[in-house]
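Undergrad: Take this structure first; my questions come after.
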Amino acid sequence: MNKADVSAGISPRQSFDSWAKFVAELERIGVPALIVASELDQHCPPKAAEIIASGIKGSQLEIIAGAGHPIPVEKPCELARMINSFLAHID
């Protein structure tokens, strides 16, 4: 992953250094992870979720269409289905 990839996920309130340190720590996660993002989220855009998912071996990325940042408020049923499906397939 290069600096351009990492910086694509930075919100205006984050520094590059803090984001890069966060991304570097992701490889330490050794359990199944579901990364859920929403298509219209401006606080944590889908590109940031893609970077997070790429840093966690075996993670699953889901993007919810037509939702902004508050996924549980805007798309609660779709989010619940994703979580239940993910959990059902964990060994």
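The values are calculated or read from the model by the stated rules, or taken from the named source; none is laboratory data. What you see is a predicted model, and the numbers here were worked out from it, not measured in a lab. Reconstructed Cβ throughout: ideal geometry from the backbone, glycine too, with neighbour counts over all protein chains shown.
Undergrad: Output the number of residues of the range 1-25 satisfying the condition of being among the charged types (D, E, K, R), exposed (fewer than 12 other Cβ atoms within 10 Å of the Cβ) and either at pLDDT below 85 or assigned to a loop (DSSP other than H, G, I, E, B) (or both).
TA: The total comes to 3.
Undergrad: Answer yes or no: is there a residue in the range 78-86 that is within 11 Å of the chain's Cα centre (by Cα), surrounded by 11 or more Cβ atoms within 10 Å (Cβ to Cβ), acidic (Asp, Glu) and at pLDDT 95 or above.
TA: No: zero hits.
Undergrad: To continue, here is another question. Of everything in the range 39-67 that's under 23 Å from VAL23 (Cα atoms) and touching an Asp or Glu at 6+ places or on another chain (Cβ under 8 Å), which residue is surrounded by the most Cβ atoms within 10 Å (Cβ to Cβ)?
TA: Of everything passing the filter in the range 39-67, ILE51 is surrounded by the most Cβ atoms within 10 Å (Cβ to Cβ).
Undergrad: To continue, here is another question. Could you list all residues from the range 68-81 that are touching a strand residue (DSSP E or B) at 6+ places or on another chain (Cβ under 7 Å) and over 25 Å from PHE22 (Cβ atoms)?
TA: Within the range 68-81, LYS75, GLU78 meet the criteria.
Undergrad: So which residues in the range 26-38 are surrounded by fewer than 12 Cβ atoms within 10 Å (Cβ to Cβ) and closer than 30 Å to PRO76 by Cβ?
TA: GLY30, VAL31
Undergrad: Show the residue pairs that are 6+ apart or on different chains and have beta-carbon atoms under 8 Å apart, the first residue being within the range 41-56 and touching a residue at least 12 places away in the same chain (Cβ under 8 Å), the second being in a helix (DSSP H, G or I) and among the acidic types (Asp, Glu).
TA: Sorted first by the residue in the range 41-56, then by its partner, the pairs are ILE51/ASP5; GLY55/GLU27; ILE56/GLU27.
Undergrad: Go through the range 55-91 residue by residue and tally those that are of a type outside the set (Phe, Trp, Tyr) and assigned to a helix (DSSP H, G or I).
TA: Count: 17.
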